Amino acid sequence: MQQFSSTDAKQRFGQLLKASASAPVAIEKHGKIQAYLASPEFFERAKKNDPDNSARKLARANQALIEKDRLIRHQRIAFDLATSTPGKRELLIKTALAVVERWRVERLCSVDYIQKWEHILKMSPQKMAATMVSDIDGWGTSLRQNSPWIGVHA
């Protein structure tokens, strides 16, 4: 690491900036380092190599896998709704409605989720199937996270 005295730093500021482009530069006064000067590029490189940043990337990747698993599970349920016999389809929907009603009675989740799932569960089976695997106006991921389809294709 290069070091500049505070006097040199004032008098040769251009050289100081040029030196800081490749690595941080120490500025000293009375034999003690008073400051470090680093370029923005240095901080960008440091961020990319930061283990905390890697941990965040890993956490995001893990969350994306969880969300993908939930989507696949709901795609299987949607397939069942679209292709099952009327009796099996009715039982699936009736069970999901009972779960949503339990949420309401026991106040287990937000009213938003309850209302949205009630709306979805009142649709025709084909429309219900298409809706639960869609984005649903930005609610798709959240609704699949808080789903009434307990144990179905778990």
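Laboratory data are not the source of any read-out in this text; all were calculated from the coordinates shown. Since the structure is predicted, the reported quantities are computational estimates derived from the model, not experimental observations. Every residue, glycine among them, receives a Cβ derived from its backbone with ideal geometry; neighbour counts consider all protein chains shown.
In terms of other Cβ atoms within 10 Å, Lys127, Lys94 run from fewest to most in the order Lys94, Lys127. Go through Lys94/Lys127; Lys68/Lys127; Lys57/Lys116; Lys57/Lys127 and tell me which ones have a Cα-Cα distance over 27 Å in this structure. From Lys94/Lys127; Lys68/Lys127; Lys57/Lys116; Lys57/Lys127, over 27 Å: Lys57/Lys116; Lys57/Lys127. Among Glu90, Glu118, a tally of other beta-carbon atoms within 10 Å of each Cβ gives an order, fewest to most, of Glu90, Glu118. Placing a pseudo-label 7 Å from each Cα along the Cα-to-Cβ vector at Asp8 and Asp112 gives an inter-label distance of 5.8 nm. So which aspartates and glutamates can Lys32 reach, going by Cα to Cα under 16 Å and dropping same-chain residues fewer than 8 places off? Hits, sequence-local ones excluded: Asp8.
The ranking of Phe4, Phe42 from fewest to most other beta carbons within 10 Å of each one's beta carbon is Phe42, Phe4.
Indicate the gyration tensor shape class of segment 2-46 (rounded, prolate or oblate), computed on the Cα atoms with a ≥ b ≥ c the square roots of the eigenvalues: a/c under 1.5 is rounded; otherwise a/b larger than b/c is prolate and the rest oblate. In terms of gyration-tensor shape, oblate.
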